[in-house]
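Encoded as structure tokens, the structure appears first; notes follow it.
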Amino acid sequence: MTEHQRPRAFATSRLEEADGEGLNPTANRTMGEIIASRFSRRDFLRGSLAATAIAATVSPAALMLADEAKAQGAAGGSRFAFKEVEAGVDQTHHVAEGYDADVLLRWGDPLFSDSPKFDPTAQTPEAQARQFGYNNDYVGFIPLEEGSSTHGLLVVNHEYTNEHLMFPGIVQVVEKPDEDDATKMVKELEIAPADQKRVDIEMAAHGGTVVEIRKDEAGKWQVVTDGKLNRRITAGTEMELRGPAAGHDRLKTNADASGTKVFGTINNCAGGVTPWGTYIMAEENIHGYFMGELPADHPEAANYKRLGIPEGTYAWGNFHDRFDVSKEPNEPNRFGWIVEVDVMDPNSVPKKRTALGRFKHEGAESIVAKDGRVVFYLGDDERFDYVYKFVTAKTYDPNDRAANMDLLDEGTLYVAKFEEDGTVNWLPLVHGEGPLTAANGFNSQADVLIETRRAGDLLEATPMDRPEDIEPNGSNGRVYVMLTNNTRRKDEQVDAANPRAKNAFGHIIEIAEEGGDFTATTGKWEVLLKCGDPSVAEVGATFSTETTKNGWFGMPDNCSVDADGRLWVSTDGNSPSGTGRTDGLWAVDTDGEARGTSKLFFRVPVGAEMCGPLILDDMATAFVAVQHPADGGDDWEGFGRLSYYEDLSTRWPDFDDAMPTRPSVVAITRQGGGRIGDA
Ligand code: FEO
Ligand code: CA
Ligand code: CA
């Protein structure tokens, strides 16, 4: 969410990003050649700028990357042929002409045959734990028959809760002097303090859902409410800490002397499905769930500061000691990990895989490399934080699922350094190597992993503009990195990989690993797109000239590569006052003459963010997640005031006065059948 758009009072219920300057205290800022970084290499190749002015700054590596991309694409044409949606803002969703977009799962929908009927005025923690959770984010699909795109398990993260939209009778609109201009008054939402029941409903609405779904004979998706593998995972589900940090003293608490048993997962943003069919949930903005003050001179103080812990957004610590750092000072070290769930056993204990590091994990999409090892790409979503990848030590065995189940406990975590000459170097975060020694407070690999950010600082990784989803593309050997925005980057902090100061609209970086080998420790990189309105020169957006007024976007967040290797990008932060459009799902050409062309395929209702895009392998279904609809409305002329439970800017998807708005997963299919993205 862009700063200008963030209604003040919502900051308390919104955990997308830490406010402030970012939490990276280092000077790992490549000052760079300002001229070089102001103009993308693509601009140069297109001849749109005076070549002589920047020729010396364009690396041979980067030139090769763009040329290869052009050669790979079809001559001239876009790989998407659908009729574009018109960008704009209203109360409902819109999909490209000729497609159906059907709501499949709403907050509160039953997941089991005995699930209580959803009643938002009489919700209980027990009912919520048997119903679809709140704020659906990542969406994945695990087939129940080999290769099926019509019957499988849908896995969905529930990132966080918005009290002002969920609970009746807790909001008052108050007028207060403007913090920036005391002569002005502004309206704010005041939310009544939470009691234990509300907290426990929130905890049950977090986590994830595993649910069987099936496409019926009419081509419509149905939820199988008595599916044997259906499951809710919540902020209270028992989990096991695994890998090099498991059992370390820094992970031990009053409740768990072993340092291996933890309850719950929180703020699960994006995620992944592994090649062996497990479900990955990434723990992102964990800082808001902790409150209290650490005991004086506590050894974890610097570690927590680097992550913004505790922020005290949620009141959970008032009722559950483990979320109060004055009572359980080590508990935050048990969050911020990648969680792996074996969905084929509904009673399996999810594993927190410490080998993949601890930070504000956006997601973990993976690919099997040439030699059979598996590579996971990981973003740390904070201003000026880093891009990572993890390479398993052992190889994936496609014929032995059991042999793959602990692949994530052993491997090498790397952090990215984007050099000015268009190379990227992946620097290993290995205890004892380089500065990662006892002299710097790292006594073991466990210490390196618990304080992954500080290890990255010492290796002089490149501070990025909020790394979100990262997705490898097996079709062209590339990797796409979403960098959503960073309005705090100053002119002197600009570098080649983060080429805009006050980067309000974000950009996308494309990486080509050396030799097409995803395990490589070096590669080439290039800015694929600088986002924002290309008709406003100062924005410096680089969408192709084929991109229409509907086709550009700001704030790339989640992404997906379909089975044909085409890139889909969903956004978080477009707004009536900011970009004159809601968030949505855009199709982006990456190859050929159409490279950099974007088209709007689906858009969300007012106030919502677009999450979870997934195109099934048969290309006949796209799933998208509409997160926090109605979260906002005061900057939209169609509503013009703050939105909350009793007075919502949209009651999507039910449009029933007795129902609040409900975050939902939507299934998109082509009328009469056919491939997503075609005409
Ligand atoms: Fe939860 Fe970084 O988006
Ligand atoms: Ca996200
Ligand atoms: Ca987001």
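The values are calculated or read from the model by the stated rules, or taken from the named source; none is laboratory data. Nothing here was measured: the structure is a model prediction, and the numbers come from that model. Every residue, glycine as well, gets a Cβ built from its backbone with ideal geometry; the counts of neighbours run over all protein chains shown. Only protein heavy atoms, including side chains, enter the accessible area calculation; ligands, DNA and RNA are left aside. Shrake-Rupley method; radii C 1.70, N 1.55, O 1.52, S 1.80 Å.
GLY632 versus (1) crowded, with 21+ Cβ neighbours inside 10 Å; (2) closer than 26 Å to GLN123 by Cβ; (3) at pLDDT 95 or above: which is the lone unmet condition?
If we test GLY632 against (1) crowded, with 21+ Cβ neighbours inside 10 Å; (2) closer than 26 Å to GLN123 by Cβ; (3) at pLDDT 95 or above, just (3) comes out false.
Filter segment 489-498 down to the residues that are of a type outside the set (Lys, Arg) and within 22 Å of the chain's Cα centre (by Cα) and list them by number.
Step one: list which residues in segment 489-498 are of a type outside the set (Lys, Arg), which gives 491-498.
Across segment 489-498, the qualifying residues are ALA497, ASN498.
Filter segment 598-608 for residues that are in contact with a strand residue (DSSP E or B) (Cβ under 9 Å, 6 or more places away or on another chain) and open to solvent by 10 Å² or more (accessible area, probe 1.4 Å); which is farthest from ligand 3 (Cβ to nearest atom)?
From segment 598-608, those in contact with a strand residue (DSSP E or B) (Cβ under 9 Å, 6 or more places away or on another chain) are 598-605, 608; that's our starting set.
Now narrow it down to the ones that are open to solvent by 10 Å² or more (accessible area, probe 1.4 Å): 599, 603.
Numbers: LYS599: 21, ARG603: 16 Å.
That would be LYS599.
Among the residues in segment 277-289, are any without any contact (Cβ under 8 Å) to a residue 12 or more places away in the chain and not in a strand (DSSP E or B)?
Keep residues of segment 277-289 that are without any contact (Cβ under 8 Å) to a residue 12 or more places away in the chain, which gives none.
No: zero hits.
Working only within segment 655-670, note down all residues that are among the β-branched types (Val, Ile, Thr) and in contact with a helix residue (DSSP H, G or I) (Cβ under 7 Å, 6 or more places away or on another chain). Show your work before the answer.
Going through segment 655-670, the residues among the β-branched types (Val, Ile, Thr) turn out to be 661, 665-666, 668-669.
Result: THR661, single match.
Go through segment 663-679 residue by residue and tally those that are open to solvent by less than 10 Å² (accessible area, probe 1.4 Å) and over 21 Å from LEU105 (Cα atoms).
Start the filter on segment 663-679 by keeping residues that are open to solvent by less than 10 Å² (accessible area, probe 1.4 Å), which leaves 663-668, 676-677.
Keeping just the survivors that are over 21 Å from LEU105 (Cα atoms) gives 677.
Count: 1.
What are the residues in segment 365-385 that are within 16 Å of ligand 3 (Cβ to nearest atom), farther than 19 Å from ASN476 by Cβ and in a strand (DSSP E or B), if any?
Within segment 365-385, the subset within 16 Å of ligand 3 (Cβ to nearest atom) is 365, 378-383, 385.
Then drop every residue that is not farther than 19 Å from ASN476 by Cβ, which leaves 378-383, 385.
Within segment 365-385, LEU378, GLY379, ASP380, ARG383, ASP385 meet the criteria.
Quickly run through segment 238-266 and pick out the residues that are over 25 Å from THR392 (Cβ atoms) and not small (Gly, Ala, Ser). Walk me through it before giving the result.
Filtering segment 238-266 for residues over 25 Å from THR392 (Cβ atoms) gives 238, 249, 252-258, 263-264, 266.
Within segment 238-266, GLU238, ASP249, LYS252, THR253, ASN254, ASP256, PHE263, ILE266 meet the criteria.
With the condition kept exactly as written, say whether any residue in segment 318-325 is open to solvent by less than 10 Å² (accessible area, probe 1.4 Å) and either within 16 Å of ligand 1 (Cβ to nearest atom) or part of a strand (DSSP E or B) (or both). Quick ask: steps written out before the conclusion?
If we filter segment 318-325 for residues that are open to solvent by less than 10 Å² (accessible area, probe 1.4 Å), which is where we start, we get 323, 325.
Then drop every residue that is not either within 16 Å of ligand 1 (Cβ to nearest atom) or part of a strand (DSSP E or B) (or both), which leaves none.
Within segment 318-325, not a single residue is open to solvent by less than 10 Å² (accessible area, probe 1.4 Å) and either within 16 Å of ligand 1 (Cβ to nearest atom) or part of a strand (DSSP E or B) (or both).
For segment 510-569, which residues satisfy the criterion of being basic (Lys, Arg) and either within 16 Å of ligand 1 (Cβ to nearest atom) or outside any strand (DSSP E or B) (or both)?
Residues of segment 510-569 basic (Lys, Arg): 524, 530, 549, 566.
Scanning segment 510-569 gives LYS549, ARG566.
Checking the structure you have, find out if any residue of segment 458-477 is over 21 Å from the mean Cα position of the chain (by Cα) and either closer than 21 Å to ALA282 by Cβ or open to solvent by less than 10 Å² (accessible area, probe 1.4 Å) (or both). So that I can check it myself, show each step before the final result.
Going residue by residue through segment 458-477, those that are over 21 Å from the mean Cα position of the chain (by Cα) are 458-460, 475-477.
Cutting the leftovers down to either closer than 21 Å to ALA282 by Cβ or open to solvent by less than 10 Å² (accessible area, probe 1.4 Å) (or both) gives us none.
For segment 458-477, residues over 21 Å from the mean Cα position of the chain (by Cα) and either closer than 21 Å to ALA282 by Cβ or open to solvent by less than 10 Å² (accessible area, probe 1.4 Å) (or both): absent.
Could you please give the count of residues in segment 327-354 that are more than 25 Å from the chain's Cα centre (by Cα) and charged (D, E, K, R)?
So the answer is 3.
Counting only residues that are open to solvent by 50 Å² or more (accessible area, probe 1.4 Å) and basic (Lys, Arg), which one in segment 386-406 is nearest to THR278 (Cα to Cα)?
ARG401
Output the number of the condition that GLU340 fails; it satisfies all remaining conditions of (1) in a loop (DSSP other than H, G, I, E, B); (2) over 16 Å from ASN267 (Cβ atoms).
(1)
Does ALA496 satisfy the condition of being crowded, with 24+ Cβ neighbours inside 10 Å and modelled with pLDDT of 95 or more?
Working: crowded, with 24+ Cβ neighbours inside 10 Å: yes; modelled with pLDDT of 95 or more: yes.
In short, yes.
Output the number of residues of segment 186-244 satisfying the condition of being without any contact (Cβ under 8 Å) to a residue 40 or more places away in the chain and part of a strand (DSSP E or B).
1
Mind checking which pairs have a first residue in segment 600-612 that is within 14 Å of ligand 1 (Cβ to nearest atom) and a second that is hydroxyl-bearing (Ser, Thr, Tyr) and part of a strand (DSSP E or B), Cβ under 6 Å, 6 or more apart or different chains?
The qualifying pairs are MET610/SER570; MET610/THR571; GLY612/TYR138.
Might you check whether a residue that is modelled with pLDDT of 95 or more, farther than 18 Å from GLN627 by Cβ and of a type in the set (Phe, Trp, Tyr) occurs anywhere in segment 88-103?
yes
Scan segment 499-531 for residues that are buried (at least 23 other Cβ atoms within 10 Å of the Cβ), farther than 18 Å from LYS417 by Cα and without any contact (Cβ under 8 Å) to a residue 40 or more places away in the chain and report the count.
Summing the residues that are buried (at least 23 other Cβ atoms within 10 Å of the Cβ), farther than 18 Å from LYS417 by Cα and without any contact (Cβ under 8 Å) to a residue 40 or more places away in the chain in segment 499-531 gives 2.
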